[in-house]
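First the structure, in the form of structure tokens, and then the observations on it.
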Amino acid sequence: MTHYEIKAEDRQFSFDKEHKPVITVQRGDTVTFNTVDCFSCQIKSSDDLVGDINFDQVNPGTGPIYVEGAEPGDVLVVHIDDIQVQDYGVAVTYGMGPLKENSEIRTKIIPINQEKQTATFNDIEIPLHKMIGVIGVAPAGEAIGCGRIGDHGGNMDNRLIEKGVTLYFPVNTAGALLQIGDLHGAMGDGELDGAALECSGSATVTVDVIKNFKLDRPLIETENRWYTTAARDTFSEALELAMKDMQRLMREPYGWDDTDIDIYLSIDGHAEINQSCEPGAMTISLRVGIPKLEGKELIK
């Protein structure tokens, strides 16, 4: 299999089936996506505030790449092999989140210790939790900005998207057109003030294709759990979608009817928040997870 590397300069600010691919890769190939931070490196010191930057340059996604053999109706498989971040990250407030009335607009430059794998925040050390904020494929319809989230992926801001995890995306256009950006050195569930530890860096992934499998929204496989994901304008809408996706995916491997699946999800399923900071592109993004069990794979 072949390993490719894409420059951070090869980036887009939307997911769009009309974007020209940077490279074409084969199933099983590995690609390193070099990325800039979500602010396109416009913030360089604590004197640079988010309100002063060019928002047309926010949340870029490096790529896209064309995966040979991926066609509409298939699933694109993306295994996260590695995530690296640079020696500092940017943390900000900018008038978002539940505490916006109690917070000043502020920028903090956060040093990162690569040897210790920690970030220094004031007088404490925060363990790094390196993750990908923006990852997705081209939508079937109109272009969607990289700062938005949808059924194609996009600005997923899901702290589970880290090294060792596998993501599954519905393919909406030939080649899938995968893009990656917005790396975080750390982020809490909810991303409560609308920003994480925003970093430039690189993400290395291996891609594959599952032919002729119905998937409506991204699916995440961690070491121990499966997660459906959904984002909508209300919590109830997003939760209903994620639960119905899980119910549908469980039917065949578990051999249960919908009522037993409903009972099981209430006993051993978990609803967890990805991003919930208003105002935003979507009010709520969440995930619903169940344990992985041998012989009951949701997708293969």
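The values are calculated or read from the model by the stated rules, or taken from the named source; none is laboratory data. These figures come from a predicted structure and were not determined experimentally. Here the Cβ is made from the backbone with ideal geometry for all residues, glycine too, and neighbour counts use every protein chain on show. For the accessible areas, the whole protein counts, side chains as well, though only heavy atoms, and no ligand, DNA or RNA atoms are used. Shrake-Rupley method; radii C 1.70, N 1.55, O 1.52, S 1.80 Å.
Couple of notes before you dig in:
- Accessible area per residue, Å², the chain with all protein chains present, probe 1.4 Å: 45
- Nonlocal amide H pairs with residue 136, under 5 Å, H built at 1.01 Å: 154, 179
- Whole-Hz Karplus values for the stretch 208-213 come out as 8, 9, 10, 7, 6, 10 Hz, taken residue by residue from phi with 6.51 cos²θ - 1.76 cosθ + 1.60 and θ = phi - 60°; glycine and proline positions read x.
- Size of the stretch 195-267 as Cα extents on the principal axes (Å, biggest first): 46, 33, 23
- When you filter the trypsin sites (Lys or Arg not before Pro) in the stretch 1-94 for DSSP loop state and at most 14 other Cβ atoms inside 10 Å of their Cβ, you are left with 7, 44.
- Cα-Cα over 21 Å, subset of 214/296; 244/296; 130/296; 44/116; 163/211; 214/300: 130/296; 44/116; 163/211
- Residue-level accessible surface for residue 29, protein heavy atoms, 1.4 Å, Å²: 10
- Taking the Cα centre of the chain as reference, the dipole from Cβ charges on Lys and Arg (+1) and Asp and Glu (-1) amounts to some 400 debye.
- Radius of gyration over Kirkwood radius for the stretch 107-214, both on Cα atoms: the Rg/Rh ratio is 1.02.
- Stokes-Einstein D (µm²/s) once Rh is taken as the Kirkwood radius of the stretch 46-190 over alpha-carbon pairs, at 4 °C in 1.567 mPa s: 77
- Between the stretch 139-204 and the stretch 12-53, the C-alpha centres lie 11 angstrom from each other.
- Just so you know, the Rg over Rh for the stretch 179-235 is 1.00, from Cα atoms, with Rh as the Kirkwood radius.
- The fraction of Cα-Cα pairs per 10 angstrom bin, counted from 0 for the stretch 156-288, comes to 11, 38, 37, 13, 1 percent, rounded to whole percents.
- Calculated from backbone phi, Karplus (6.51, -1.76, 1.60) coupling profile of the stretch 260-271 in Hz, x at Gly/Pro: 5, 5, 4, 4, 4, 4, 6, 8, 10, x, 10, 9
- Estimated D of the stretch 1-132 in µm² per second, where Rh is the Kirkwood radius over Cα pairs and Stokes-Einstein applies at 4 °C, 1.567 mPa s: 74
- A Förster radius of 22 Å combined with the Cβ-Cβ distance from residue 211 to residue 68 puts the calculated FRET efficiency at roughly 0.95.
- Counting only Cβ charges, +1 for Lys and Arg and -1 for Asp and Glu, the dipole size of the stretch 201-297 around its Cα centre is about 260 debye.
- Over the chain - Rg/Rh using Cα atoms and the Kirkwood inverse-distance radius: 0.96
- Taking all pairs of distinct alpha-carbon atoms in the stretch 114-176, Kirkwood radius in angstrom: 13.8
- Relative contact order, percent, the chain [alpha-carbon distance under 8 Å, six or more residues apart]: 23
- Candidates per GluC sites (Glu not before Pro) in the stretch 44-105, loop by DSSP, up to 11 other Cβ within 10 Å: 104
- Potential extension, residue 3-residue 252 segment - 0.36 nm per residue separation minus Cα distance: 86.1 nm
- Scanning residues 5 or more positions from residue 89 or on other chains, those with amide H under 5 Å from its amide H are 110, 112, with H placed 1.01 Å from N in the peptide plane.
- Close amide H pairs (under 5 Å, H built 1.01 Å from N) link residue 226 with 290, 292, residues at least 5 positions away or on another chain.
- Shape parameters for the stretch 242-300, alpha-carbon atoms, Rg then Dmax in Å: 13.5, 42
- Diffusion constant of the stretch 63-144 at 4 °C, which comes from Stokes-Einstein with the Kirkwood Cα-pair radius and 1.567 mPa s, µm²/s: 77
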